[in-house]
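Here is the structure we will look at, set down as structure tokens.
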Amino acid sequence: HDFKIPPTRIIGDRTATPFTSSQAAASGEGLSAPPADVDGNPKVPAELKGLMHEKTSRDWYKLMFQNRDLAGRQDVYSLVNWMQESMAEAIKTNLDERRKREARHAQSHNDDGGPSASPAFYDAEEQEFAFLDNQIHIFSTCAYELCRQISTHCVERGRLMAYLWHSMSSFMTEMRERNLHLMHELSVVDELKAELEQKAWGHNEEVRSAHEKNLHTVGNIRQAFISMSVDQAVLQSEKEKLEKWKKENEHINYREMIRELKEELVHLKHELSETKGNLAMKEQEFKQSEAKLHKMTQARRELTDKLAMTETKMLQLTPRIPRRYGELQHELKYDQILALDEALSMKMNIDSIMGLLLDTKLGPYLKFFGYLANNPYATYGKLTEVLHNQDWAELEKHVDAFTVQIAGNMLHHGVEMEKVATLLVGRDQDNKDLSKIGHKIIGLYASSANDPEKIEQLKNALMHANMSTVDRFKEAQSQVTDIKKHEAARDRYVEKLESEKKEYEDSVKEKMERRQAHKKKNMFEKFVEKEHGSHFIAFGTGLDVPRCFKYSGKIKNRSLGKKETESLVKEIWAAKKVWDEGKPERTRMEVYISVFLGDKYQELEQAELADNAYNFVNGLKIHSYDADCELFLKILLGHVTEEVYVALQDTQDELLQTMINTDKQLHNNSETGRIPKKDMSRLIETFFKAKTTLRISELQDSIEKQQPGKSTIEYKKLFEEDECFNQGPFLEEVKDQALAERLEYLQELETAFYRYSDSEHQLAEDGARKAFKLVDPDMSKEKLKFSLEKVYATTERLTKDHKVDVQEAMERLQKCVIGKGNRFKQFAKLAKLTLQGTKNPFAK
């Protein structure tokens, strides 16, 4: 099915529910081909190609589910895929609209020099409601299509579920309409509030202007009276001038003018009191509006909470906790678990299921399961009756002779008549269809038919799996609660241990730093630690300087490339293997490197020889991110012994040989170069059994990274290198983990040694034993004895008088291959199983 378009979207004016259109698609009612023109060609526009036309409503339909068979699990998977894609598209559209709205709001803000006139809040709310409508449409489409699928099994159940969803969606639509109405009222209140604030501001300005004018007038009068009382002489002079002025202006009535001014003042005071009253009324109205707005906001919040609660209840309507089969959970395969789940979902009797699981006689006849499923005559009841009466003549009238022969053979071998009927018809006595599960569970535990303990275990597992969904949910909740309690207790304990560990490590670190300060570094360590520019400062020509490094002055830094550096590393290892053959012990690398470089560049002058030597060591430092270069540099500096390299190569060879042996066992002693991914994961877990789960997971991830998306792994390609000697992610991870695990083990041992040493850092035999057991509790007696002999450099029987300096003990341990676990013993066991002819030694 194509789920890029909603399964029941209609192109046209009429909107139909997905349930109705799906039924129409299944029955073909009301749908026809598009109308034709005079020549008989269909009149279909380009955008309506492939659509169906309904004659009654004259609408165009694109039908997405036209399968008339019973709905299956694949239909559900397809519907889930469509729903996820539609939701992703809806979310993307909502985000795009939100960005456009924010851009418009910012543009409006810039154009007007201030905030936009239209409230951005309500625009956002309307956009969110549009997004909610789109979600409801998608969920409605899925719900009604799911109803259609359920109705293919049970029409009444499908109708009931459709009615429930329709009621729920109607309630959600009503909530949305009420919310929209509230939003509209809020916008009206905001507009009214803005208008009232504008009017109040205008009245305040008028009152303020009149008040300032009155104050100015009163001030002038007061100033005039003050001036008149200050200087009587001036007043008299002014009085004379006034009398003179009166005589000159006898026609002017000053009393009338003062009276008019007083009346105007009274009028202004009256207007001021009226303005104050109006302002008080407006403030009262504003408070009422605020109260109304608060009530509306509260109502909106309550509706939003109700909507959220409704959505939560919808999600909790059908919780699904997987069935668990107790101790048998890990024995059953995925398809067998699905078959048992299907049987329990069909309400099959547990005794009937156990009868099929423990059957020992139907195994050879499983290929005839459901042989008569399409025969209208052959029902469970009729076939059982005929077999009970042994009416073979009646049976031959309705089925072929071959079926009669099969039924006779099964009865002859002691198969019960009811099971014969179930096998041939594919249904049980309750007419339940067993076609999807019968061949998977019949005889699954036939080998345990005579084992009462196994039968009881099987019955208990089925009864446990048959618990109701509510009981399974409660059990899961109880398990989660117990796990949380254990985790909380564990976290408290771990926190306490980490605190104690940190205090102890700080003290040990201080001791180690004091001791390291007195340790003398060799010339190679000093060279590597120093940051070099365009030139190196040579070691000089002293007696302690190796021959190929003897030089005085500066040497140009050529920044040797990785390919050239690793090529020299491989040449040195190959030559050193030949050099060390027949010798009692291996030559130290800092000594042999001068021998090798001297032989390789024997025709060069000393300056050119030193140039190659210094640039090679610097190249190791530059490319130490590579596991091979890093390991060689550590061996050269004396941090790691050569035995680590040899052990790592042996591990790599053993791992490859294990993969080859597994390949042969899985393919009838034929080497194909491929191993299924599932078997490869088991091989890695078994071969590296001593590793942590996290590191095993990292190894498996590196295989997936190197060969992504493959169901079978070409294991030989995991060990290949490119032209620059770069290994794949898997082999790099193997080497990096080996070095990291060794370093971690030695650091833990050093910390433990300091813990059990005395104030002089002397480690007694008893303290060494405790330290080894603390770091590796599973250490065997043989390995402990070997490690103690290396620490004390003796094979004699150890006593309490034996003591060794901690730093000296660590230097001795670095010269041997040690670590946690016992992987080599496990590999020997696997090799023995392979030689004995075990099909797959890693299957268990």
Q: Working carefully through the options A809, A831, find the one that is at pLDDT below 70 and either in a helix (DSSP H, G or I) or of a type in the set (D, E, K, R) (or both).
A: A831
**Q.** D805 vs. criteria more than 24 Å from E642 (Cα to Cα) and acidic (D, E)
**A.** no
(Q) Need pairs with beta-carbon distance below 7 Å; first residue assigned to a helix (DSSP H, G or I) and within the range 551-576, second surrounded by 13 or more Cβ atoms within 10 Å (Cβ to Cβ) and among the aliphatic types (A, V, I, L, M); sequence gap 6+ or separate chains. (A) T565/L620; I572/I593
Q.
Just checking, does the range 430-445 include any residue being open to solvent by 20 Å² or more (accessible area, probe 1.4 Å), modelled with pLDDT of 75 or more, in a helix (DSSP H, G or I) and in contact with a helix residue (DSSP H, G or I) (Cβ under 7 Å, 6 or more places away or on another chain)?
A. no
**Q.** Answer from N661, N669 - the residue that is part of a loop (DSSP other than H, G, I, E, B) and not small (G, A, S)
**A.** N669
(Q) Which count do you get for residues in the range 661-675 that are buried (at least 16 other Cβ atoms within 10 Å of the Cβ) and without any contact (Cβ under 8 Å) to a residue 60 or more places away in the chain? (A) 3
Q. Applying the selection to the range 176-192, what residues are open to solvent by less than 50 Å² (accessible area, probe 1.4 Å) and either more than 16 Å from Q127 (Cβ to Cβ) or in contact with a Gly (Cβ under 8 Å, 6 or more places away or on another chain) (or both)?
A. L182, L186, V189
Q.
If a residue must be within 30 Å of L543 (Cβ to Cβ) and modelled with pLDDT under 80, how many such residues does the range 491-527 contain?
A. 12
Q. Of all residues in the range 322-340, which are open to solvent by 40 Å² or more (accessible area, probe 1.4 Å) and not aliphatic (A, V, I, L, M)?
A. P322, R323, R324, G326, E327, H330, E331, K333, Y334, D335
Q) Out of E723, E714, E760, E733, which single residue is modelled with pLDDT under 85 and closer than 24 Å to Q652 by Cα? A) E723
**Q.** Residue that is surrounded by fewer than 16 Cβ atoms within 10 Å (Cβ to Cβ) and at pLDDT below 80, where the choices are E102, E126, E156, E89
**A.** E126
Q.
Out of the residues in the range 736-760 meeting the condition of being in contact with a strand residue (DSSP E or B) (Cβ under 8 Å, 6 or more places away or on another chain) and surrounded by fewer than 19 Cβ atoms within 10 Å (Cβ to Cβ), tell me which one is nearest to L699 (Cα to Cα).
A. Y756
Q. What do you reckon, is K689 open to solvent by 70 Å² or more (accessible area, probe 1.4 Å), in contact with a Gly (Cβ under 9 Å, 6 or more places away or on another chain) and touching a residue at least 40 places away in the same chain (Cβ under 8 Å)?
A. yes
Q.
Just to be sure I understand, how many residues within the range 698-735 are surrounded by 15 or more Cβ atoms within 10 Å (Cβ to Cβ) and among the small types (G, A, S)?
A. 2
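Looking only at helices (runs of 4 or more DSSP H) that fall completely inside the range 589-655, which ones have 1 or more residues that are open to solvent by less than 40 Å² (accessible area, probe 1.4 Å), more than 22 Å from V545 (Cβ to Cβ) and out of contact with any strand residue (DSSP E or B) (no Cβ under 8 Å at 6 or more places or on another chain)?
627-637
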Q: Mind telling me which of the residues A476, A461, A488 ends up being part of a helix (DSSP H, G or I), open to solvent by less than 60 Å² (accessible area, probe 1.4 Å), more than 30 Å from G619 (Cα to Cα) and modelled with pLDDT of 85 or more?
A: A488
(Q) Going by what's in this entry, would S780 be described as of a type in the set (S, T, N, Q) and within 25 Å of K634 (Cβ to Cβ)? (A) no
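The values are calculated or read from the model by the stated rules, or taken from the named source; none is laboratory data. Please read these numbers as outputs of a predicted model, since none were measured by experiment. Using ideal geometry, Cβ is built from the backbone for each residue, glycine included, and neighbour counts are taken over all protein chains shown. All accessible areas refer to the heavy atoms of the entire protein, side chains included, with ligands and DNA or RNA removed. Shrake-Rupley method; radii C 1.70, N 1.55, O 1.52, S 1.80 Å.
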